[in-house]
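Have a look at the structure below, then the notes.
The values are calculated or read from the model by the stated rules, or taken from the named source; none is laboratory data. Being a predicted model, the structure only gives us computed values, none of them experimental. A quick note on method: Cβ atoms are made from the backbone with ideal geometry, for glycine too, and the neighbour counts reach across all protein chains shown.
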Amino acid sequence: MQINNEFKPKIVAFCCNWCSYAGADLAGTNRANYPADVKIIRVPCSCRVNPMFILRAFQRGADGVILCGCHPGDCHYTTGNYYARRRMTMLFSMLSYLGIEKERTRVEWVSAAEGAKFAATMNEFVETITNLGENKRLEDLRCKK
Amino acid sequence: MRRIGVFVCHCGTNIAGTVDVKAVAETLGKEPAVVFSTDYPYMCSEAGQNIIKEAIKEHKLEGVVVCSCSPRMHEATFRKTVQAAGLNPYLLEVANIREQCSWIHKDKTEGTAKAIVLGRAAIAKVQLNTPLIAGESPVVKRALVIGGGIAGIQTALDIADAGYEVDIVEKQPTIGGKMTQIDKTFPTLDCSSCILTPKMVDCAQNEKITIYSYSEVEAVTGFVGNFSVKIRRKARYVDETKCTGCGVCTEKCPVKNVPNEYNLGMDNRHAAYIPFAQAIPNVAVIDAAHCNKFKTGKCGLCQKLCSAGAINYEQEDTIIEEKYGAIVAATGYNPISVDKYDEFAYSQSKDVVTSLEFERILKADGPTEGHLQRMSDGKQPKTIVFIQCVGSRDTSGCGKEYCSKICCMYTAKHAMYCREKYPDTEVYVFYIDVRTPGKNYDEFYRRAVEQYGVHYIKGMVGKVSPKADGTLHVQASDLISNEQLHISADMVVLAAAIEPDKSARPLATMLTASMDTNDFFTEAHAKLRPVESPTAGVFLSGVCQGPKDIPETVAQAGAAASKVIGLLAKNKLSCNPCVSQSNEAMCNGCSTCANVCPYGAITYEDKDFSRRKDGSMIRRVAVVNEAVCQGCGACTVACPSGAMDLKGFSTSQIMAEVDAICK
C-alpha cells in the first residue's frame with residue numbers, strides 16, 4: 001500500500017435534504033473547515049440511497065463513502081432514516097466479502113443545527129480514509145477504458 | 001446529448017474569494033454538452049437572471065446549471081428564471097459552490113478544483129433531468145390551532161378575523177393557558193386576567209372558532225392544504241351542551257382533597273370542578289380518577305343535584321376527524337421540575353416555591369387570596385430571597401443550556417411587588433446576569449433597584465437549609481465583593497427554567513415537524529421564516545418555538561396567523577412534482593413499496609396488459625398518488641424489481657452524479 005502524504009482521497013457524501021445537507025450548509029455559513037476531498041450529493045432522504053449507489057462509487061474509484069441523515073426519530077419523512085440504517089447495516093456486513101474495508105463507509109446522523117458536527121465528522125472521516133490509503137482492492141472492478 | 005448552459009456566480013467575493021470563478025466557467029465550458037458558459041458577480045440579481053434568460057433563448061439551451069449558493073437558498077429563484085425563458089423549471093440544477101465549497105476551503109486551488117467537480121456532477125445530472133409539471137391540490141379552508149394559551153387564542157382570533165374557520169384543541173378543560181395563572185404582566189403591571197379573559201370570551205363567541213377543550217390531537221395525516229386530524233375528546237362526564245356552569249356540582253362534591261392544578265397543588269379542589277371562575281368553556285369536569293362514583297360506585301350526588309341534567313357517568317372518549325388546510329402548533333411551556341436541585345431544598349420546605357407558585361400566591365384567586373403569606377404557617381414573610389437561573393444557562397447537564405428569557409423580568413416584577421405592598425420586607429435577588437432587552441424593560445428593572453430598593457446581588461446561592469425555627473438559611477456568594485453571605489430568609493423563590501410542554505415532541509412526530517435538542521420546534525429559517533416549520537403547512541406560535549414573553553408571543557401569534565391566512569386564501573397549491581413513479585412494465589405488484597411508504601401513497605390496481613384478444617393478461621401494479629407522495633424515495637430502494645423511481649432524484653441521475661464525482 002502506498003504511503004503518500006500527497007494522497008488526496010475521493011470521498012462521496014450522501015446527505016439528506018432536510019437535516020444533513022442543511023447541516024453541511026450550516027458548516028459553510030459558520031466557516032467550519034473540512035477538506036475539499038468531500039463532495040456532497042443531495043438526496044431527499046437517507047432512505048433514497050440505494051446500497052448500489054455506494055458500491056457504484058467504490059467501483060468508480062471512490063476511497064470513502066459516507067451517508068448522513070437526520071437523527072433517528074427526527075426524519076422529515078418520519079421513518080426514512082430507519083430504513084437507511086437497516087439497509088446500511090446489511091450492506092456493511094457484506095463489504096469485506098466484496099473486498100472493501102468496512103471503515104471506508106459510515107452512517108452519521110447530522111441535524112440541520114449541527115454544522116460543527118458535520119465539519120468534525122468530515123474531518124475525522126477524511127483522516128480515516130487518508131490513513132487507509134487508496135481504495136485499491138476494487139481496482140479490478142473499475143470500469144477503466 | 002442536451003445543450004447545457006453553465007452560469008457561475010461570484011456572490012461578490014463570497015465565492016470568488018476562494019474559487020477562481022473564471023477558471024470554473026472556462027473549464028466547465030469545455031465539457032462536451034456545454035454550449036454556453038459564463039460567470040457573473042450576482043447571478044440571483046435581476047441582471048444575472050437576465051443573462052440566464054437570454055442565453056436560454058439565444059443558445060437554445062435544454063438544461064441549465066447554476067454554480068452558486070445552496071439550492072436551499074436560490075433553487076426556487078432560478079427555477080422561476082428558467083421558466084420565464086420558456087424552459088421547464090425542473091431542467092435546472094444548482095451546484096452548491098458557496099456553503100459547501102468556497103466558504104469552507106481556504107485554498108483557492110482546492111476550492112476551484114472542487115467547484116469544477118461539483119459543476120460536472122450537476123451537468124451530468126441535468127442531462128438526465130426530465131421536464132416535470134407540478135400538480136395542484138385543493139386547500140381546505142379551515143385551520144387547526146393546537147394549544148389554547150395566549151399564543152393559540154391570538155392566532156385563532158386573527159385567523160377567524162380574516163373569515164376562515166378555526167378550531168382550537170386544548171388538552172386542559174379550559175383555554176387560557178399559563179397566562180390565566182399570572183397575576184400581573186411586566187413591564188406595565190396590568191392585570192393578566194383583565195387582558196386575557198376578554199380574548200377568551202371572544203374566542204367562545206366568535207362563530208368562526210370552535211373550541212375543543214379537554215381534547216388532544218391523536219393522529220395527523222395528509223399534507224399542506226389537506227391535513228386530516230383525529231382529535232380525541234376526553235370524557236368530561238358532563239354534557240357540554242347542557243351544563244350551565246352554575247357550579248352546584250363543584251360545591252357539593254364530597255371529594256375535596258384533589259390537588260388543584262390551577263394553584264399548582266398548593267390547595268385542593270373537588271373531584272367535580274371548574275378550573276377557575278372565568279374558564280372557557282364554563283363547564284364542569286368530573287375527575288374520574290378521584291370521583292367516588294367511579295372509584296366505588298357509590299355517590300352520584302352531583303347527578304342528583306344537577307338541575308340541567310348535564311352529568312353523564314356513561315360518557316366515553318370520542319374521536320372526531322376533521323380536515324384542515326393549515327396547522328398551528330402553540331403548545332407552550334412548563335417550568336422545569338426543581339426537585340432535583342437538592343441544594344435549594346424545594347422538596348424539604350413549603351416556603352421554597354417556584355416563581356409560578358409565587359405568582360399564584362400573589363394573585364387574588366390563588367391559595368392565599370392574594371395575600372403574601374408563607375405556605376407553611378400563613379405568616380407574612382419579612383425576608384424573601386429570589387434565586388434566578390434555576391436550571392437556565394446550565395451547562396452541567398442538570399438543567400437547560402438556554403436562557404429562559406422571561407425570568408429576569410418576572411423576578412424584578414415580583415421583587416417590586418413585595419416592596420410596594422409590604423415595604424418592611426427585605427428582598428434579595430441573586431443573579432448571574434440581568435437581561436432586560438425589551439421596550440421599557442431595563443427601565444422597569446432599574447425601578448426595582450433604584451426606586452424600590454431591591455437588593456440585587458451578582459452571585460449564585462450555594463445552599464438553602466430549612467431551620468427548626470421555620471426560617472431558611474441561605475448561603476450564597478457575592479461575586480462582586482467576593483464574600484460569603486448568610487441570609488436568614490422566610491421565603492425563597494426559584495426562577496425555574498421553562499421547557500417546552502411534554503406534548504410537543506409526540507406532536508412534532510405526528511406533524512413530521514422538526515425539533516431542536518431542547519424540544520423546541522425548529523423554524524423553516526431562523527431569521528427569515530421564523531413562524532413556519534420546515535414542514536409545509538405547519539406554523540409555530542408562542543413558546544413552543546423558543547422562550548418568549550407575552551408581547552413577543554402575541555406578535556408571533558399574529559405573524560403565524562397571517563401566514564395561515566395567506567395559505568388559506570389560495571384555492572390551489574402546487575405540489576412537489578419530485579415524487580415516485582412506478583414503471584408498470586416492471587412492477588410485479590409485490591406490495592413491498594406500499595409497506596415502506598410512510599404516507600400510504602401507494603395503492604394497487606389491476607391493469608390489463610393483454611396484447612391479443614384471446615389471451616388476457618391482467619396484472620396487479622403499484623400506482624402512486626402524486627398528491628400524497630412526499631418524495632422521500634424509500635420505495636425506490638425497497639422495490640425488488642427496480643420498478644420504482646423518484647422523479648428529480650432518479651437512480652440514473654444519482655448514479656451519474658456519483659460517476660462524475662469519482663471520475
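Please specify each residue of the stretch B:490-506 satisfying the condition of being crowded, with 21+ Cβ neighbours inside 10 Å, of a type in the set (Gly, Ala, Ser) and farther than 16 Å from B:Ser347 by Cα. Result: B:Ala497, B:Ala504.
Screening the candidates B:Ser465, B:Ser533, B:Ser514, B:Ser541 for the property of being polar (S, T, N, Q) and surrounded by fewer than 20 Cβ atoms within 10 Å (Cβ to Cβ) yields one hit, B:Ser465. Given the residues B:Val224, B:Val140, B:Val166, which is the only one that is within 19 Å of B:Glu322 (Cα to Cα) and touching a helix residue (DSSP H, G or I) at 6+ places or on another chain (Cβ under 6 Å)? Checking each option against the conditions leaves just B:Val166. Given the options B:Glu93, B:Glu99, B:Glu110, name the one that is out of contact with any Leu (no Cβ under 7 Å at 6 or more places or on another chain), in the same structural domain as B:Cys44 (by TED's automatic domain parsing) and either on the phi > 0 side of the Ramachandran plot or modelled with pLDDT of 95 or more (or both). Exactly one of B:Glu93, B:Glu99, B:Glu110 is out of contact with any Leu (no Cβ under 7 Å at 6 or more places or on another chain), in the same structural domain as B:Cys44 (by TED's automatic domain parsing) and either on the phi > 0 side of the Ramachandran plot or modelled with pLDDT of 95 or more (or both), namely B:Glu93. When the stretch B:421-444 is filtered for residues that are surrounded by fewer than 18 Cβ atoms within 10 Å (Cβ to Cβ) and hydrophobic (A, V, I, L, M, F, W, C), only B:Ile432 remains.
Can B:Ala524 be described as buried (at least 23 other Cβ atoms within 10 Å of the Cβ), closer than 19 Å to A:Thr78 by Cα and within 14 Å of chain A (Cβ to nearest Cβ)?
So B:Ala524 fails the test.
Can you find a residue that is in contact with a Leu (Cβ under 8 Å, 6 or more places away or on another chain) and under 30 Å from B:Gly135 (Cα atoms) anywhere in the stretch B:173-189? So far as the stretch B:173-189 goes, no, none of its residues is in contact with a Leu (Cβ under 8 Å, 6 or more places away or on another chain) and under 30 Å from B:Gly135 (Cα atoms). Of the numbered criteria (1) of a type outside the set (A, V, I, L, M); (2) at pLDDT 95 or above; (3) within 30 Å of B:Val628 (Cα to Cα), the one A:Thr121 fails is (3). Does B:Ile133 satisfy the criteria of being modelled with pLDDT under 95, more than 14 Å from chain A (Cβ to nearest Cβ) and either under 24 Å from the mean Cα position of the chain (by Cα) or more than 27 Å from B:Ala412 (Cα to Cα) (or both)? Against the criterion (modelled with pLDDT under 95, more than 14 Å from chain A (Cβ to nearest Cβ) and either under 24 Å from the mean Cα position of the chain (by Cα) or more than 27 Å from B:Ala412 (Cα to Cα) (or both)), B:Ile133 qualifies.
Among the residues of the stretch A:28-65, those identified as within 7 Å of another protein chain (Cβ to nearest Cβ) and over 18 Å from B:Val637 (Cβ atoms) are A:Gly28, A:Thr29, A:Arg31, A:Ala32, A:Asn33, A:Tyr34, A:Ala36, A:Lys39, A:Ile40, A:Arg60, A:Gly61, A:Ala62. Can you find, within the stretch B:189-234, the residue that is nearest to the chain's Cα centre (by Cα) among those that are within 21 Å of B:Val285 (Cα to Cα), of a type in the set (Lys, Arg) and assigned to a strand (DSSP E or B)? Here the residue is B:Arg232.
Here is a yes/no grid of residues against (1) at pLDDT 95 or above; (2) within 13 Å of another protein chain (Cβ to nearest Cβ); (3) not in a loop (DSSP other than H, G, I, E, B):
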site	(1), (2), (3)
B:Ile487	yes, no, yes
B:Val492	yes, no, yes
B:Thr509	no, yes, yes
B:Asn518	no, yes, no
B:Gln556	yes, no, yes
B:Ala561	yes, no, yes
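Being farther than 30 Å from B:Ser533 by Cβ and at pLDDT below 95 is true of B:Gly247. Looking at B:Leu356, B:Leu372 in this structure, which one is farther than 20 Å from B:Thr250 by Cβ and outside any helix (DSSP H, G or I)? So the residue among B:Leu356, B:Leu372 that is farther than 20 Å from B:Thr250 by Cβ and outside any helix (DSSP H, G or I) is B:Leu372. For the stretch A:108-121, which residues satisfy the criterion of being more than 11 Å from the chain's Cα centre (by Cα) and either away from chain B (no Cβ under 14 Å) or charged (D, E, K, R) (or both)? Across the stretch A:108-121, the qualifying residues are A:Glu114, A:Lys117.
If you take the residues in the stretch B:262-276 that are in contact with a Pro (Cβ under 7 Å, 6 or more places away or on another chain) and not in a loop (DSSP other than H, G, I, E, B), which one is surrounded by the fewest Cβ atoms within 10 Å (Cβ to Cβ)?
If we take residues in the stretch B:262-276 being in contact with a Pro (Cβ under 7 Å, 6 or more places away or on another chain) and not in a loop (DSSP other than H, G, I, E, B), then B:Asn268 is surrounded by the fewest Cβ atoms within 10 Å (Cβ to Cβ).
The numbered conditions (1) farther than 30 Å from B:Ala526 by Cβ; (2) crowded, with 21+ Cβ neighbours inside 10 Å; (3) within 8 Å of chain B (Cβ to nearest Cβ); (4) not basic (Lys, Arg) are all true for A:Thr105 except (3). If we scan the stretch A:66-78, do we find a residue that is under 16 Å from the mean Cα position of the chain (by Cα), within 8 Å of chain B (Cβ to nearest Cβ) and surrounded by 21 or more Cβ atoms within 10 Å (Cβ to Cβ)? Yes, because at least one residue in the stretch A:66-78 is under 16 Å from the mean Cα position of the chain (by Cα), within 8 Å of chain B (Cβ to nearest Cβ) and surrounded by 21 or more Cβ atoms within 10 Å (Cβ to Cβ). Close Cβ contacts (under 8 Å, 6 or more residues apart or on different chains) running from residues in the stretch B:98-119 that are more than 7 Å from every other protein chain (Cβ to nearest Cβ) to residues that are assigned to a helix (DSSP H, G or I) and basic (Lys, Arg) comprise B:Cys101/B:Lys114. The number of residues in the stretch B:289-304 being surrounded by 18 or more Cβ atoms within 10 Å (Cβ to Cβ) and in a loop (DSSP other than H, G, I, E, B) comes to 3. For the stretch B:384-394, check the following and say yes or no: at least one residue is out of contact with any helix residue (DSSP H, G or I) (no Cβ under 8 Å at 6 or more places or on another chain), without any contact (Cβ under 8 Å) to a residue 60 or more places away in the chain and surrounded by fewer than 18 Cβ atoms within 10 Å (Cβ to Cβ). Checked against the condition, which is being out of contact with any helix residue (DSSP H, G or I) (no Cβ under 8 Å at 6 or more places or on another chain), without any contact (Cβ under 8 Å) to a residue 60 or more places away in the chain and surrounded by fewer than 18 Cβ atoms within 10 Å (Cβ to Cβ), the stretch B:384-394 yields at least one hit.
With the structure loaded, tell me whether A:Lys8 is basic (Lys, Arg), more than 16 Å from B:Arg72 (Cβ to Cβ) and more than 8 Å from chain B (Cβ to nearest Cβ) or whether it fails that test. Answer is yes for this residue. Scanning the stretch B:383-425 for residues that are of a type in the set (A, V, I, L, M), under 17 Å from B:Val352 (Cα atoms) and assigned to a helix (DSSP H, G or I) gives a single hit, B:Ala415.
Do we find a residue being of a type in the set (Lys, Arg) and closer than 30 Å to B:Ala536 by Cβ anywhere in the stretch B:236-243? Lay out the reasoning, then the answer.
Our first condition is that a residue be of a type in the set (Lys, Arg); within the stretch B:236-243, this holds for B:236, B:242.
Still in the running and closer than 30 Å to B:Ala536 by Cβ: none.
Within the stretch B:236-243, none of the residues are of a type in the set (Lys, Arg) and closer than 30 Å to B:Ala536 by Cβ.
Can you spot a residue in the stretch B:161-178 that is over 22 Å from the mean Cα position of the chain (by Cα), under 25 Å from B:Pro367 (Cβ atoms) and part of a loop (DSSP other than H, G, I, E, B)? Checked against the condition, which is being over 22 Å from the mean Cα position of the chain (by Cα), under 25 Å from B:Pro367 (Cβ atoms) and part of a loop (DSSP other than H, G, I, E, B), the stretch B:161-178 yields at least one hit. The single condition from (1) facing chain A (nearest Cβ under 10 Å); (2) β-branched (Val, Ile, Thr); (3) over 22 Å from B:Ser580 (Cα atoms); (4) in contact (Cβ under 8 Å) with a residue 12 or more places away in the chain that B:Val94 fails is (3). Selection within the stretch A:83-96: residues that are of a type outside the set (D, E, K, R) and within 12 Å of A:Val49 (Cα to Cα). The member of this set that is nearest to the other protein chains (Cβ to nearest Cβ) is A:Tyr83. Somewhere in the stretch B:103-121, is a residue part of a helix (DSSP H, G or I), of a type in the set (Gly, Ala, Ser) and out of contact with any helix residue (DSSP H, G or I) (no Cβ under 8 Å at 6 or more places or on another chain)? Taking every residue of the stretch B:103-121 in turn, at least one turns out to be part of a helix (DSSP H, G or I), of a type in the set (Gly, Ala, Ser) and out of contact with any helix residue (DSSP H, G or I) (no Cβ under 8 Å at 6 or more places or on another chain).
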